Structure formats: C-alpha cells, structure tokens
Amino acid sequence: MSKLLVTDTTLRDGSHAVSHSFSPEFVGEIVSKLVAANVPIIEVSHGAGLSGSTIQQGFSTHDEWKLIESAVANKKDSKIASLFVPGIGTRPEIITAANIGIDVLRIAVHCTEADVTQQYFEQAKKSGLETVGFLMMSHTQPASVLAEQAKLMESYGADCVYIVDSAGALVPEGVRERVAKLKESLSINVGFHAHNNLGLAIGNTIAALEAGANQVDGTLRGLGAGAGNAPTEVLVAVLNKMKIETGINLTILMDTAEEIIAPVFQYPLVIDRDNLAAGYAGVYNSFLLHVREAAAKFNINPVSIIEELGRRHAVAGQEDWILDVAIELAQKQLVR
Ligand SMILES: C[C@H](O)CC(=O)C(=O)O
Ligand SMILES: [Mn+2]
C-alpha cells in the first residue's frame, strides 16, 4: 500500500468548534507544527469552506484570506487544502485561493448532489489545484448511490472522493461497505472523514483503511464540529501500532495537541447528550452550536430539536430549519 495520506483539518473542521475565531498568527503556529510533524495535507478555511463567514454559517473573527495566506506562508513541503461548498463559495473564490497558493480544493456537497460540482472541479483544475470530492452525510445513502455520485465527481476531475460521516452516525460495517464500494468503482483515491458522536471516529477510520481507503482525516485533540473528529495524534499512534506507515512525527502532534490546541477549547469535547443524540438521529454536527442557541432561546430541550431535524432529514444548508423547529416545539409547549 502506498503511504497513507493523512489530512489534518484542525484549522477547518476545528473552526466550527471555536466559533470561527482562529487568527492568522494561530494558524501560522499550528501549520508550522503540523509541517514539522510531516503532516502531508493541512486544511485551512472557515468551517463551511471558502466564503463561509455568513450569518447562517457563523461569522469569522478574522479575514479568511489572511488565515489562508498565513497557512501558505508556513507550509514548506506540506500541502494546504481549503474546503469549498457550492452555494456558499463561488468560482472567483477558487481562483483567489489558488492565487494565494493553496494546493488542494476539497469540494463538499450533500452526498446526492454531486451533479452540481462539475463547474467547480473544472475551475479548480483550471487553477492548477488537486481536487477532492467530499460526500457529506454519507450515512444517509447506501454504498451503491454513493458510488454513482463518486463516479460523477471522478468524471469531473476529482483526484480523490471521500466518504464523509458528517453526523458521526456510521458504525464500522457501514464505513467498510461504503469505502469498499467506492474502491471497487473508482480509479482514484478514496478517503474517509469521521466524527465521534458514537465514540467510533478512530474505529471507523481503521475500518475505512481496512476497506482500502488511501486518505483519512483527523484533527488535533479531535477539535471539530459537534463531538469532534478522529484525533490526529491518536490516529497516528494507532497506525504506528498497526505498522501502517504515515511518516508523521507522533511526539510533535501530541505536544501540539496538549500545549496549544487544548487551551483554545471553548467547551469540553465530550459525547454529551446532544452530541450522542445527533449521532443517533443522523444530524449534521455543525448544526449543534446553533441547536444549543435556539434551545436556550426558547427554553426547550435541544434533543427534541435534534430528533425532529433527524426525522426531517435536514442537510447542510438547512440551518434555518433549526429555528423553525425550535419555534414549533416552543409553541406546542405553550398550548399543552
Ligand atoms: C461543511 C462541513 O463541516 C464539512 C464536514 O466536515 C462534514 O460534513 O463533516
Ligand atoms: Mn466534519
């Protein structure tokens, strides 16, 4: 097996968990540490991707382009990736990010919407970028549907397609069958991105590797939306034990997670009631901060909002449903 490619997305998925408050200085410091640890790909952007700083997705405290410039300035031999969500980002932002010097664009859509990504893959290729397709909320579709979507992305120019467990809802068997189907269907790399709502982020990532995944994600200390991601340092420790070569320096990861990332946590990253409810109901992790705000505003149990969003199969971009559901539930309480 060629060397496994690990992408650290602390500075992108982790952005959700710190209310998009990373500074250019902090980004430069973390990128330097990840580069020193030999992490091959480092993702940096707003949690919702290029141009994600909006009222619906949460405003960034700093100019996103300055964050990306700082990452590029410190990247040395590592590659800088940015996420891109069609409908949030537009083609000019791809050009701007390429001109700043990113190397990889990760194009993320709900896992049945690959058909809207063609123009963005084409633009990314035109701009000289490597490309990754990110099939979000992959638990909602069977392997056969995901494979069809992934083949569309491959035809548009994707160099890799990821199974993305956005709600942390998959169990290892579900990961294995999805990754194996993509491996069977594609001639490009296959990746996996975990969330830890059921305590399975590491286990699921190993299941993805056993099914043939070539690229996997992690975040330092698991800093990420909702229940967080597979902690990169833990993942590398487990891979070392399994004699799977990554070329990554575990000590630098452990020290950076402990000494620099842990102090920036705004709340403990635990599988609390809301995070477990989201994984169990299959609800998108980046909804959770907004769910908690709405629950507090209307004095209702956040789990009742999460369970209703799960029943309605809410997907990325439907953050406005959170408030609608909260208002409906509050009104029901009033009429009891
Ligand atoms: C835009 C999302 O945060 C992408 C992601 O990390 C996920 O779906 O998980
Ligand atoms: Mn994620």
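Across region 313-326, rounded Karplus estimates of 3J(HN,Hα) from the backbone phi angles (6.51 cos²θ - 1.76 cosθ + 1.60, θ = phi - 60°) give 6, 5, 10, 3, x, 9, 4, 5, 5, 4, 5, 4, 5, 4 Hz, Gly and Pro being marked x. Length available on full extension from GLN331 to THR54: 0.36 nm per residue minus the Cα-Cα distance, which gives 96.9 nm.
With N as its number of residues, region 273-335 has a Cα radius of gyration that, divided by 2.2 N^0.38 Å, comes to 0.98. When the chain is modelled as a GNM with alpha-carbon springs shorter than 10 Å, which of GLN123, GLN141, GLN266 fluctuates the most? Sorting by GNM fluctuation, first place goes to GLN266.
All other residues whose Cβ lies under 10 angstrom from that of ILE260 are scored, Lys and Arg at +1 and Asp and Glu at -1, for a net of -2. Kirkwood analysis of the chain, using all unique Cα-Cα pairs, places the hydrodynamic radius at 19.6 Å. Other residues with beta-carbon under 10 Å from the beta-carbon of ASP13 carry, at +1 per Lys or Arg and -1 per Asp or Glu, a net charge of -2. Beta-bridge orientation, the chain: approximately 5 percent antiparallel, per DSSP, counting only bridges with both partners inside. When the Cα atoms of region 185-286 are aligned to their principal axes, the ranges along those axes come out at 37, 35, 20 Å in descending order.
Excluding CYS111 itself, what net charge comes from residues whose Cβ is under 15 Å from its Cβ, given Lys and Arg +1 and Asp and Glu -1?
-2
Between ALA262, VAL291, MET153, the Cα set farthest toward the positive side of the dipole of the chain (charges on each charged residue's Cβ, about the Cα centre) is that of MET153. Rounded to the nearest 500, the 222 nm mean residue ellipticity of the chain from helices alone is -13000 deg cm²/dmol, with -39,500 (n - 2.57) taken per DSSP H run of at least 4 residues.
Accessible surface computed residue by residue for region 273-335, with neighbouring protein chains in place and a 1.4 Å probe, gives 51 Å² per residue.
The charge dipole of the chain, taken about its Cα centre with unit charges on the Cβ of Lys, Arg, Asp and Glu (plus for the first two, minus for the last two), comes to roughly 300 debye. Of the cross-linked pairs LYS3/LYS126; LYS33/LYS125; LYS75/LYS151; LYS3/LYS181; LYS125/LYS181, those separated by over 24 Å at the C-alpha level are LYS3/LYS126; LYS33/LYS125; LYS75/LYS151; LYS125/LYS181.
Annotation: per residue accessible area for region 5-263 equals 34 Å², rounded to a whole number [probe 1.4 Å, protein chains only].
For ILE80, the amide hydrogen comes within under 5 Å of the amide hydrogens of ILE42, ASP103, VAL104, counting only partners 5 or more places away or on other chains and with H modelled in the peptide plane. Of all the options GLY47, GLY101, GLY279, the one that moves most in a Gaussian network model of the chain with Cα springs shorter than 10 angstrom is GLY101.
Of ILE95, ILE88, ILE300, the order by accessible heavy-atom surface (1.4 Å probe, DNA, RNA and ligands excluded), from most exposed downward, is ILE95, ILE88, ILE300.
Build a GNM of the chain with springs between Cα atoms under 10 Å apart, and of ILE260, ILE163, ILE42 the one that fluctuates most is ILE260.
The values are calculated or read from the model by the stated rules, or taken from the named source; none is laboratory data. Every value quoted in this text rests on a predicted model; they were computed, and no experiment measured them. As a convention, Cβ positions derive from the backbone with ideal geometry for all residues, glycine included, and neighbour counts pool all protein chains shown. Side chains are part of the model used for accessible areas, which takes the heavy atoms of the whole protein and leaves out ligands, DNA and RNA. Shrake-Rupley method; radii C 1.70, N 1.55, O 1.52, S 1.80 Å.
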